[in-house]
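One structure below.
The values are calculated or read from the model by the stated rules, or taken from the named source; none is laboratory data. These numbers were taken from a predicted model, which means no experiment stands behind them. Methodologically, a virtual Cβ is constructed for each residue, glycine included, from the backbone with ideal geometry; neighbour enumeration extends over all protein chains shown. Areas reflect the complete protein model, heavy atoms only, side chains present, ligands, DNA and RNA absent. Shrake-Rupley method; radii C 1.70, N 1.55, O 1.52, S 1.80 Å.
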Amino acid sequence: MAAYRFPVLLWEDHTGWFTAAVVESYYDVWAGAASGREALNLIKEALQDTFKRVPWEAPPDLAHCRLHHVVVPVRTEYEAGNRYYPSTNPTDLRVSAVTGEEAGGSRICYLPMFDVSFGYYVDTELPDLVRTQVQDLFRGKSPRDMMEYLPPRQVWLEEVVLQVKARPPTGRDLQPPLRQLSAIAEPLGDNRLRQQFSRAWERDAEVAELVQRLGHERANLILLGPSGIGKTSLLIDAARRLERGGEEEGAIQRYWLTSGPRIIAGMRYLGQWEERFGAAVRELASLGGVLCLERLVDVVRLGGEEATDSVAAFMSSFMQYGELRVVAEATPAELDLCRRLMPGFVEQFQIQSIPEFTSAQAMAVLERLAQQARQQWRLRWERGTAELIYRLHRRFLPYQSFPGRVTAFHQRLTREIRRQRRTTVTARMIFEAFARETGLPDWMLRDEMTLRAPEVEEALSQRLVGQPEACHAVANAVTIFKAALNDPERPIAVLLFLGPTGVGKTQLARTLADYLFGHGSDRDRMVRLDMSEYSGLDAADRLVMAPDGTPSIFLQRLRRQPFNVVLLDEIEKASPEVFDLLLNVLDEGRLTDRQGRVTWFRGCIIIMTSNLGARHRAITGFGEAAAPLGEAELMRFFRPEFVNRIDEVIHFRPLGQEEIVRITQLELAALAEREGLTRRQLRLTWDEEVVTFLARAGTDPELGARPLQRAIERHLSQTLAAFIVSHPAFREGRLHLRLDREAGIVMTPHPQP
C-alpha cells in the first residue's frame, strides 16, 4: 500500500459552515459540512471512491505547499438606469492562495475559492499575479456578485492521507529524460492535460476503431470533424487504452500532443526550430511514440513564407521514411485548405471521420455528467434538467457541435452551484445561467412565456422616436426568432436601414442589441464597424485578420460571444472584396478565414445602414420625406446577389420638430441618471421652455438629431458641472432648470426639506 498525501484548503464562513477543497485542481473535489472534521471526511470518501472506480488514477503531484494571503483591490460595477458605472473606490479583498511544487519542479499557485490556478517562476511576483487573476475574474461583476467571495472567518491548510494499493514499477518509471520532446509537446497521459478534457463517453465504437488503427495498423491518421465534437477527448481515451493494456503494456508515455506554434516557439534563427524538432523526433522514435497535432493546418501554415518551407514540409520527410508517426486533428474546412496548399502531405494520412452525436447519445453523455456530479459532490439534478440544457443549446446554438460547448456549460454550472453551497440543480438555475452567458432574455428562452409584436414595438419606441415603421419591421424579426421560425442556417435577420443621417438608424440597432441580447453579464452586445475604413485594396484581409495572422478583433469578439447585433455602418463605402466576403456571411451565416477557421454569424442580427436614398434625392434629416428608394435603384448600388440576401429593407423617414422635442426629453432624462447626480442623490427637473430651447439649438437640417447631445453638453452640462464641483456638500436635493432670455438656461438649487 502507498500513502498518497492530498493538500486540502479548509475554511469557515461567517454562517459557521465549513468548506474543504483539494488544492490540486486536477481532482476538483469539494465538500461542505457543519464542521471542519466532517468536511475533511467527505473529501477522503470522495477520493477513496475515485481510486476505487479508477485504480490507475495518477497520484497527487504537489509538494511543499504553503498558504499565503494577498490583499487585492477590486473595483465592481453598479447599474444606474440603463447605464453601468465602476465603483468610485475599490474594495480590498483578502484572497487565500496555496503554492506548491510539482514533481518536475514547476511552481503552481491555486486559488481554490475562485477555482483558479496558474504557474509562476519567482516568489516576489506572486502577489502581483494573484491580484491580476482576481481582478480579471471580477471585471464586469456587480457588488452583489462580490458577496459570494467575501473573506471567510478563518482559513487553514490541512492534509488528507489516503492508503492506495501501490502499483509495480512500469516502463514509464524507467523512461529516459526527453528534453527536446518535452520542450515542444506534452504526453497525453499528463494530469494537467487530462483535466482539461472530459471522457469520450458514448464513443466506444470510435475509440475502438482509433485503437485498432494506432495499435495495429500503425497508420498516420487525421481525425476529421467539426470543432467541439470531441476529437481530443477521443484521442486521449484511445491513448489511455493503448498505454495501459494489450501490446502497449508498461505505461510508457508514447502519445505526445503539440501544435504548430509550439514547435517553432522561441526559435529566432534560421534552422533553429528544425534542429530542435529533429532531436525531438529521435527521442520520440526511441519510445516508438506518436506525435499528435492539435490542428493540422497550423503545421502547413507555419515555419516559412510558403507551404514548401513549412513545418509540414520538414515533417513530411520523417514520415516518408517511417521515422515519425503523426495523428492530427482537422475540420473539413481546414482539411480542404491543407489539400490545396500541400496535397502530397495530406496523402500520407488515413482519415477517420468523427460522426455527430445523435440526440440519444447526447442525452446519455449529459446524464453521465450529472451522475458524476452526484457521486463526487452529492449534487442532485431535477428531472428533465439534462434535457433542458441540451434543448437550449440545440435551439439557440445549433451550429455548435456537441459536446464541446454543452459540456463546458454543464461544468461551469456545476462549479457555480457548488460555490453557492446548494445541493439541487433546478430548471430555473439553468435558465438563469444560460441567460447570463448568452444575454438572451427569459421570455426568449421559455416557450411558455408569450410575446406579442406590439409589445416589442412599444419597447423599441421608448428609446427610438419618430420611426414607427422601422420599429414594426424589427419587432417582426424578433417575434419570428421567438417562434423559432427563422432559418437556423442563416443569421437571425439581415436588415438594411436606409435614410438620412441623424434619424435613429444606429439608435435602433443599439436599442435592439440591449433589448434582445443585453440580459447577461456582458451587456455591450452591438459590434459596430465603420465600413468607410474597409474601402482599400486590403480591406477584406483587415476585416478578418490581424497583422500577426490571428483573427481580427471583430472576429475574436464574435467567437467569444456569438449573440450580437452586428452593425455595418455606411455599407455602400466598403470595397468590392468586402462585399464578396459578406455574401457567404449573409447567406450561410459563416465566415472562413485563410487558415480554415470558421466564425459563425447565425446567432447575430446583421444590420447594414446607408443614406443612399437621402444623398441622391437631397433629403435631409428634417422636413418632408421623399419616396423610398426603389428596388431598381437599390440594385444600381448593390449587386443583385447581395440584395437578394437581405431579409428586409427598412426606410427611415426624416424627423419633425415634435420628434426632436421628444428626443430632447429622453436625453434630459438620461442626463439626470448620470453618476455625478445619482451618487449625490440629486434630482433634475426642468421647465418646458428648456426643452424647446435645447430642441431648437440642437437641430441641423443636414445632420438631423446628432447635434442635440452637443447642444446639451454646451448649454447645460457645463453649468451643472460648475455647480457640483463648487458645492461638494450639496446633496439629496433638487436642481431645477429654467430659461432666462438673457442668460440662457439657469439652474436653481433646492435643498431637501
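Tabulated data for the structure shown
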| item | result |
| --- | --- |
| Check on GLY230, open to solvent by less than 10 Å² (accessible area, probe 1.4 Å), of a type outside the set (A, V, I, L, M), under 27 Å from TRP600 (Cβ atoms) and at pLDDT 85 or above | no |
| Residue list for the stretch 312-327, restricted to those being open to solvent by less than 30 Å² (accessible area, probe 1.4 Å) and under 9 Å from ASN220 (Cβ atoms) | MET319, LEU324, VAL326, VAL327 |
| Single residue of the stretch 588-637 satisfying the filter (at pLDDT 75 or above, more than 26 Å from THR438 (Cα to Cα) and in a loop (DSSP other than H, G, I, E, B)) that is most open to solvent (accessible area, probe 1.4 Å) | ARG594 |
| Test for PHE554: is it over 23 Å from the mean Cα position of the chain (by Cα) and either of a type in the set (Phe, Trp, Tyr) or not in a helix (DSSP H, G or I) (or both) | no |
| Pair list, Cβ under 9 Å, 6 or more apart: the stretch 442-453 residue in contact (Cβ under 8 Å) with a residue 12 or more places away in the chain, other residue surrounded by fewer than 11 Cβ atoms within 10 Å (Cβ to Cβ) | TRP443/THR450; LEU451/ALA483 |
| The stretch 199-218 residues that are among the charged types (D, E, K, R), paired with ones that are modelled with pLDDT under 90 (beta carbon under 6 Å, 6 or more apart) | ARG213/ALA219 |
| Out of GLU57, GLU79, sole residue that is open to solvent by 80 Å² or more (accessible area, probe 1.4 Å), at pLDDT below 90 and either of a type outside the set (S, T, N, Q) or more than 34 Å from the chain's Cα centre (by Cα) (or both) | GLU79 |
| Contacts under 7 angstrom Cβ, first residue in the stretch 478-505 being open to solvent by 10 Å² or more (accessible area, probe 1.4 Å), partner among the aromatic types (Phe, Trp, Tyr), 6 or more apart | ILE492/PHE481; GLY504/PHE652; LYS505/PHE497; LYS505/PHE652 |
| Residue within the stretch 517-537 that is free of Cβ contacts under 8 Å to residues at least 12 places away in the same chain, under 15 Å from the mean Cα position of the chain (by Cα) and farther than 25 Å from ASN486 by Cβ present | no |
| Residues of the stretch 328-348 satisfying the condition of being open to solvent by 60 Å² or more (accessible area, probe 1.4 Å) and out of contact with any helix residue (DSSP H, G or I) (no Cβ under 8 Å at 6 or more places or on another chain) | PRO332, ASP336, ARG340, PRO343, GLU347 |
| Residue tally, condition surrounded by 15 or more Cβ atoms within 10 Å (Cβ to Cβ) and closer than 25 Å to LEU302 by Cβ, over the stretch 516-573 | 12 |
| Wholly enclosed helices (runs of 4 or more DSSP H) of the stretch 647-732 bearing at least 3 residues modelled with pLDDT of 85 or more and either open to solvent by less than 80 Å² (accessible area, probe 1.4 Å) or out of contact with any helix residue (DSSP H, G or I) (no Cβ under 8 Å at 6 or more places or on another chain) (or both) | 657-672, 675-678, 688-697, 718-726 |
| Unique match (being closer than 26 Å to SER227 by Cα, open to solvent by 20 Å² or more (accessible area, probe 1.4 Å) and touching a residue at least 24 places away in the same chain (Cβ under 8 Å)) among ARG419, ARG405, ARG391 | ARG405 |
| Single unsatisfied condition, THR132 versus (1) open to solvent by 30 Å² or more (accessible area, probe 1.4 Å); (2) more than 22 Å from the chain's Cα centre (by Cα); (3) β-branched (Val, Ile, Thr) | (2) |
| Some residue of the stretch 447-458 being modelled with pLDDT of 90 or more and open to solvent by less than 10 Å² (accessible area, probe 1.4 Å) | yes |
| Neighbours by Cβ (under 7 Å, 6+ apart or cross-chain): first from the stretch 333-358, aromatic (Phe, Trp, Tyr); second open to solvent by 60 Å² or more (accessible area, probe 1.4 Å) | PHE357/GLU202 |
| In the stretch 135-160, the residues that are open to solvent by 50 Å² or more (accessible area, probe 1.4 Å) and closer than 23 Å to TRP30 by Cα | LEU137, ASP145, MET147, GLU148, LEU150, ARG153, GLN154, TRP156, LEU157, GLU158, GLU159 |
